[in-house]
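Read through the structure below, which is laid out as structure tokens, and then see the notes.
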Amino acid sequence: MSQVLVASNRGPVSFSTAGDGSLVARRGGGGLVSGLAGLRGDVLWVCAALSEADRTAARKAPDGRLDEAGHDVGGTAVRMLDIPAATYERAYNGMANSTLWFVHHLLYDTPNAPCFDARARRDRQSYEAYNAAFADALARDAAPGAKVVVQDYHLSLTPAMLRERRPDLRIGHFSHTPWAPPEYFRLLPDDLGAELLAGVLGADQAGFLTERWASAFLDCCALLPGARVDRAARTVRYAGRVTRVGVHGLGVDGAALRERAAAPDVAERAAALRARVGGRKLVVRVDRTELSKNIVRGLAAYRELLTNHPEWRGRVVHLAFAYPSRTDLASYRAYTETVLRTAEEINAEFGTPDWQPLIVEVNDDYPRSLAAYRLADVLLVNPIRDGMNLVAKEGPALSDDGCALVLSREAGAAADLGEDALLVNPFDVSQTAEALHRALLMPAEERARRCTRLAEAATALPPQRWFSDQLDELK
Ligand code: F6P
């Protein structure tokens, strides 16, 4: 029985199968893992098995407890849930990533999608079963009165399900994505929309990364039959209980990040990048290739920069890291193809024998990303919509000589960094091209001054603080 429990789809460790058939554990990164790093005591992390190797590890461990099976999970107690593969696939790919992600990031091409039919109903049932599996595990493992923090859109129903099983618990839910405005949220079937809101409202505290997402959630709750929203107090009364709605921004751990970026593997990659760029100005972007990241419009903006400001030809290189994400989804694979095709077109149009204007890399290499942050003159972060976007914070925190940040106003990070970034409307390619031009022209002194302030803001809310604030809210 644990006093503090964390629940998330992706856990702090994943497995693969080695050539000899043995299981190899790999520690994951991300804000949640760092947030937990400083936490001492009796903490249990409940997550889903994401692959066949994970399922094998979960099955072999006593009751799914990986730490008790002797796996190296970095000192964290981890229970991995062996959810049937078909259920998991429909819950994760079908409902969470193809429906809820699209709703909260406003991604639908509405003349054609969404279409809530028999298949969508089946995905929804799987999502309910998957959320219930988490609620069951948490109910079984939580000590009386324990605190449980449930993470993200994968687990929107778990708080209410857990409340039903264990009314004694103090439950938090945290959304790492934006929340859709009511007009868009209403694309969902009415009963599904109500179920999702009621699910989150099962928590004592519903947390969001920015005021904007928190207030969109309150706006949706205002339309939920039976709910009473108090906007001033930021509370929702529903089903005889009150849920507080909180805002907890998330930044990066500056000291840990700088230490990692000072390692020899990063220096090696920085030297290789410098040689490739050859003294030209460097525009960098680093993304997981998600439809919300707006990589194609970013490339179109670079193309327009080279068209409208030919003085940059031969004097700038754009390095775009577009790492694979959710490759089970056809729309994500197609998006990567479009990114690569667009890059080829740009290189064919402007490239010369001694200048490649655009370099796109799709193989994920973390030390190379850190090296690019250190060297960038301009960092481009232009998502259609984003809960926060930590790239916008990592870049300035690591910059060697100061980088100018071109940032989408639709990223949560704009709330923290907006004063020193060059903000753009992510749909306005021409405006983004002009912002790149301005960023490239920015005098070194101004760039360094702005970057220092960006780095301060980026590191003001480290993951440890974000996580402990969530727990404090449940006191
Ligand atoms: O970036 C938003 C986010 O919801 C994170 O909180 C979460 O870790 C990630 O997306 C989920 O991505 P994946 O599908 O790769 O697990």
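Read-outs throughout are calculated quantities, based only on the coordinates presented, and are distinct from any laboratory measurement. Keep in mind it's a predicted model, so treat the numbers as computed, not measured. Positions of Cβ are backbone-derived with ideal geometry, glycine not excepted, and every protein chain shown enters the neighbour counts.
Annotations for the structure displayed:
- Over the chain, Cα pairs under 8 Å with separation of 6+ residues give a relative contact order of 14 percent.
- Computed from label points 7 Å out along Cα-Cβ, the spacing between residue 258 and residue 117 is 5.6 nm.
- Cross-link partners of residue 281 among lysines (Cα-Cα below 25 Å; sequence separation of 8 or more within a chain): 293, 393
- Each of the peptides 344-351, 376-383 was scored by the mean count of other Cβ atoms within 10 Å over its residues; in descending order, highest first, they stand as 376-383, 344-351.
- Between the stretch 230-272 and the stretch 52-66, the Cα center-to-center distance that results, in Å: 29
- Peptides 240-248, 298-306 ranked from most to least packed, by the mean per-residue count of other Cβ atoms within 10 Å: 298-306, 240-248.
- Based on Cα contacts under 8 Å between residues 6+ apart, the stretch 1-145 shows a relative contact order of 26 percent.
- Once the chain from residue 347 to residue 20 is taken as fully extended at 0.36 nm per residue, the excess over their C-alpha distance is 113.4 nm.
- Within a straight-line Cα-Cα reach of under 24 Å, residue 475 can be paired with the following lysines, leaving aside sequence neighbours fewer than 8 residues apart in one chain: 147.
- Percent RCO, i.e. relative contact order, over the stretch 254-458, from Cα pairs under 8 Å lying at least 6 residues apart: 24
- Pairwise FRET efficiency - residue 340 versus residue 281, Cβ, R0 = 22 Å, nearest 0.05: 0.40
- Mean shadow area of the stretch 254-458, taken as a quarter of the surface of its Cα convex hull (nm²): 10.5
- Legend: calculated FRET efficiency, residue 366 to residue 237, from the Cβ-Cβ distance at R0 = 30 Å, rounded to 0.05, equals 0.10.
- With a Förster radius of 22 Å applied to the C-beta separation of residue 140 and residue 59, the computed FRET efficiency comes to 0.80.
- Ordering of 307-317, 409-419 by packing [mean C-beta count within 10 Å, highest first]: 409-419, 307-317
- Semi-axis lengths, largest first, of the ellipsoid equivalent to the stretch 283-334 are 27, 11, 7 Å, with √(5λ) applied to each eigenvalue of the Cα gyration tensor.
- Taking label positions 7 Å along the Cα-Cβ direction at both residue 27 and residue 230, the computed distance is 4.4 nm, reported to one decimal.
- Antiparallel content of DSSP bridges confined to the chain, in %, to 5: 25
- Taking all C-alpha pairs of the chain, those more than 38 Å from each other amount to 26 percent.
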